[in-house]
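Please read the structure below before turning to the comments.
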Amino acid sequence: MVIMSISLKDENVELLQNIQDRMGLGSRSEAIRVCLRAAESQLKEQEGMSGPLEGVLIIVHDSHMDSWMSLIQHRFERLVRTQLHSHLQSGKCLEVMILKGESDDIWEMIREFGKQEKAEYVKFVKS
């Protein structure tokens, strides 16, 4: 087994510890392996979707006051058929978008949202 050194922000360490505790894992290394398998599963799911694609994108984020969401949406506006913005009880925002277009373009948009540390949850559901 290879030993690696990584740098994590405090909130990432807390999240990793939470994953370890809630899943009953014996170490942070086990928690990281579980996360890697989940990411691999998501990538395999994406690989099975090519060509024209349609589905629903769900995003939960902290605030609508920041322009990052709008900037990405405008960049990919050709893909967005319908968009809903809602304020949740927790003070967070929910974005629901119906997307239609080429799979490569949709996955690029999803990656852009996923890169943002401001997006707590990003999930695409194929129709």
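The values are calculated or read from the model by the stated rules, or taken from the named source; none is laboratory data. Nothing here was measured: the structure is a model prediction, and the numbers come from that model. Here the Cβ positions follow ideal geometry from the backbone for every residue, glycine too, while neighbour counts run over all protein chains shown.
Reported count of residues in the stretch 83-114, each being surrounded by 13 or more Cβ atoms within 10 Å (Cβ to Cβ) and among the hydroxyl-bearing types (Ser, Thr, Tyr), is 1. Of all residue pairs spaced 6 or more apart or on separate chains, none has beta-carbon atoms under 6 Å together with a first member in the stretch 4-16 that is outside the structural domain of Leu36 (by TED's automatic domain parsing) and a second member that is among the aliphatic types (A, V, I, L, M). Among strands (runs of 3 or more DSSP E) entirely within the stretch 48-127, having at least 2 residues that are free of Cβ contacts under 8 Å to residues at least 40 places away in the same chain and at positive phi singles out no element at all. Of everything in the stretch 73-82 that is under 16 Å from Leu94 (Cβ atoms) and crowded, with 16+ Cβ neighbours inside 10 Å, the residue that is modelled with the lowest pLDDT is Gln73. If you take the residues of the stretch 23-44 that are modelled with pLDDT of 90 or more and among the aliphatic types (A, V, I, L, M), which of them is farthest from Met1 (Cα to Cα)? Looking at residues that are modelled with pLDDT of 90 or more and among the aliphatic types (A, V, I, L, M), I get Met23. Of the residues making up the stretch 1-31, those that are part of a loop (DSSP other than H, G, I, E, B) and among the small types (Gly, Ala, Ser) are Ser5, Ser7, Gly24, Gly26, Ser27.
Give the residue that is nearest to Gly48 (Cα to Cα), with candidates limited to residues of the stretch 65-121 that are within 16 Å of the chain's Cα centre (by Cα) and among the basic types (Lys, Arg). The residue in question is Arg111.
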